[in-house]
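Visitor: Take a look at this one; I'll ask things after.
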Amino acid sequence: MNTKPGLQVRGDSMKITFYGVRGSIPSPGANTCRYGGNTPCVHIETAGGQDLVLDAGTGIRELGKRLAGKDSMISVLLSHGHWDHIQGYPFFMPIYEPGRLIHVYTTAAENHNQICSLIDQIDGATFPLKAADLPSRSKCITGDLEAEMAGHNIGVRRIAINHPGGGYAYRIEEDGMSCAYITDNELVPPGEVTTPYADWVDFCAGVDVLIHDAQYLDADMPYKHGWGHSLVSQARQLALDAGAGCLVLFHHDPDRTDSELDAIQQDNEVFFSSRRAPLTCYCATEGLRIALAPRLGRRSAITTGRI
Ligand SMILES: [Zn+2]
Ligand SMILES: [Zn+2]
């Protein structure tokens with residue numbers, strides 16, 4: 001897709017892979033099979049060999065097969081506790097591996113229901129098994145996320161999303177490479193604003209890869225204003241304002257067909273080429289992989305492909 005030969009790179013790469021890109025509810029079917037119908041799950045394999053899992057929607061099932069058998073510690077960073085972001089966790093193969101270390105970072109330390117939403121659903125009633133019977137060492141971490149990750153040479157910052165019920169977006173940095181994961185976020189919401197637009201621009205400033213909620217189109221408004229999701233046009237503007245290297249439109253509406261996403265992708269190319277913006281833009285697809293590699297004094301090299 002966008003592989004540039006001859007780049008001066010050093011060190012290992014950070015690999016970002018998309019396993020679930022759909023919002024709200026799984027949406028399998030003939031009209032969604034190319035971009036995919038699984039709900040949010042993104043895997044970041046750091047240059048240092050850490051496995052970070054962003055959200056545990058139904059896409060995590062396929063990721064689990066790939067992580068099974070490794071001996072890496074898995075860190076799950078949850079955006080929030082809505083069903084589409086947690087419902088795949090009981091089918092995540094590593095939780096059935098004896099002794100496998102899995103840290104689930106909470107989204108709200110003061111709210112127990114949200115703290116353990118991934119593990120609490122494995123209760124013998126909502127799911128046939130109970131979490132206490134799992135052989136892995138799967139546990140919620142309520143400590144300082146930034147400090148824990150710094151111990152693995154990974155920089156993590158988080159910021160509150162504009163979304164009903166609250167939650168967090170994350171910016172992950174390693175050796176000059178960076179990725180912001182911002183889903184279920186309404187950049188310009190009505191009423192009270194948790195995080196104003198200027199703060200989003202600061203949070204995303206210069207990021208290599210910006211993954212942002214783009215569930216709606218202008219035609220969806222004003223009916224869905226206040227539902228906690230952004231427009232494609234707003235995500236594009238944020239990428240421009242923040243100087244992102246690559247924008248990935250994410251959390252597609254369950255009713256958005258493959259051909260409609262193709263049309264958005266064509267429009268992306270027209271939009272950014274006419275602005276001479278130094279960035280690439282993709283509608284997220286299951287299986288998309290973006291690899292970053294650090295370059296001294298320059299923006300990270302960005303290559304894309306598929307698993
Ligand atoms: Zn969602
Ligand atoms: Zn949500």
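Visitor: What are the ³J(HN,Hα) values, in whole Hz, obtained from phi via the Karplus relation 6.51 cos²θ - 1.76 cosθ + 1.60 with θ = phi - 60°, for each residue of region 142-147 in sequence order, with x given for Gly and Pro?
Guide: 9, x, 7, 4, 4, 5
Visitor: While we're here: Before I look further, what does the chain give for accessible area per residue, probe 1.4 Å, in whole square angstrom? It would help to have the intermediate numbers written out before the result.
Guide: On the way: 12870 Å² over 307 residues.
With the other protein chains kept in place, the chain gives 42 Å² per residue.
Visitor: Moving on to the next point. In a shell of Cβ-Cβ distance under 15 Å around W200, excluding W200 itself, what net charge do Lys and Arg (+1) and Asp and Glu (-1) give?
Guide: -2
Visitor: Tally Lys/Arg at +1 and Asp/Glu at -1 over every other residue whose Cβ is under 12 Å from the Cβ of L210; what's the total?
Guide: Details: positive: R171, R236; negative: D208, D213, D241.
Once all neighbours under 12 Å are counted, the net charge is -1.
Visitor: Of the options N153, L249, S117, report the single residue whose Cα projects farthest towards the positive end of the charge dipole of the chain (beta-carbon charges: Lys, Arg +1; Asp, Glu -1).
Guide: Value: N153.
Visitor: From the gyration tensor of the Cα coordinates in region 204-306, what semi-axes in whole Å does the equivalent ellipsoid have, largest first, with each one equal to sqrt(5λ)? Spell out each step's value before the answer.
Guide: Details: eigenvalues 119, 46, 31 Å².
Ellipsoid semi-axes (Å, largest first): 24, 15, 13.
Visitor: While we're looking at this one, here's another question. Would you mind checking which residues have amide H under 5 Å from D184's amide H? H placed 1.01 Å from N; only 5 or more apart, or other chain.
Guide: Amide H neighbours of D184: D213.
Visitor: Provide the per-residue ³J(HN,Hα) series for region 212-227, in order, calculated from phi with Karplus coefficients 6.51, -1.76, 1.60 and θ = phi - 60°, each as a whole number of Hz, with x at glycine and proline positions.
Guide: 9, 3, 9, 5, 10, 10, 3, 5, 6, 9, x, 4, 9, 5, x, 7
Visitor: Where does the charge balance sit around G228 when Lys and Arg score +1, Asp and Glu -1, over other residues with C-beta under 11 Å from its C-beta?
Guide: With Lys, Arg at +1 and Asp, Glu at -1, the neighbours total -2.
Visitor: Which percent of the accessible area of region 169-257 is formed by carbon and sulfur heavy atoms (probe 1.4 angstrom)? Mind dumping the intermediate values first?
Guide: Working: 1510 of 2880 Å².
After summing per-atom areas, the C and S share lands at 52 percent.
Visitor: Quick one: which residues, 5+ away or cross-chain, put their amide H under 5 Å from the amide H of T280? H built at 1.01 Å from N.
Guide: C246, L247
Visitor: So who's got an amide H within less than 5 Å of the one on R295, skipping anything under 5 residues away but keeping other chains? H placed 1.01 Å off N, in plane.
Guide: Residues meeting the amide H criterion: S300, A301.
Visitor: Once you charge only the Cβ atoms, +1 for Lys and Arg and -1 for Asp and Glu, what is the size of the charge dipole of region 16-68 about its Cα centre, to the nearest 20 debye?
Guide: Values: 5 positive and 4 negative charges, 43 e Å.
About 200 debye.
Visitor: Under unit Cβ charges (Lys, Arg +1; Asp, Glu -1), what dipole magnitude, rounded to 20 debye, does the chain have relative to its Cα centre? Don't skip to the answer; put the middle values down first.
Guide: Numbers: 26 positive and 36 negative charges, 201 e Å.
It works out to roughly 960 debye.
Visitor: Who wins for biggest fluctuation among P196, P294, P222 in a Gaussian network model of the chain, springs between alpha carbons below 10 Å?
Guide: Looking only at P196, P294, P222, the largest GNM fluctuation is found for P222.
Visitor: Just want to confirm a number: the relative contact order over the chain, from Cα pairs under 8 angstrom separated by 6+ residues, in percent. Display every interim value, and only then the final one.
Guide: Details: 716 pairs, mean separation 60.3, N = 307.
It rounds to 20 percent for the chain.
Visitor: From the phi of every residue in region 258-263, what ³J(HN,Hα) in whole Hz does the Karplus formula 6.51 cos²θ - 1.76 cosθ + 1.60 yield, where θ is phi - 60° and glycine or proline is x?
Guide: Rounded to whole hertz, the list is 4, 5, 5, 5, 4, 5.
Visitor: Mean residue ellipticity at 222 nm from the helices of the chain, using -39,500 (n - 2.57) per DSSP H segment of n ≥ 4 over the full residue count, to the nearest 500 deg cm²/dmol?
Guide: Values: 8 runs with 61 residues, N = 307.
Counting only the DSSP helices, I get -5000 deg cm²/dmol.
Visitor: If I take every Cα pair under 8 Å that is 6 or more residues apart in region 177-307, average their sequence separation and divide by the length, what percent do I get for the relative contact order?
Guide: On the way: 213 pairs, mean separation 31.2, N = 131.
Computed value for region 177-307: 24 percent relative contact order.
The values are calculated or read from the model by the stated rules, or taken from the named source; none is laboratory data. Every value quoted in this text rests on a predicted model; they were computed, and no experiment measured them. In this analysis, Cβ positions are derived from the backbone assuming ideal geometry, glycine residues included, and neighbour counts consider all displayed protein chains. The accessibility values were calculated without ligands, DNA or RNA, using every heavy atom of the protein model including side chains. Shrake-Rupley method; radii C 1.70, N 1.55, O 1.52, S 1.80 Å.
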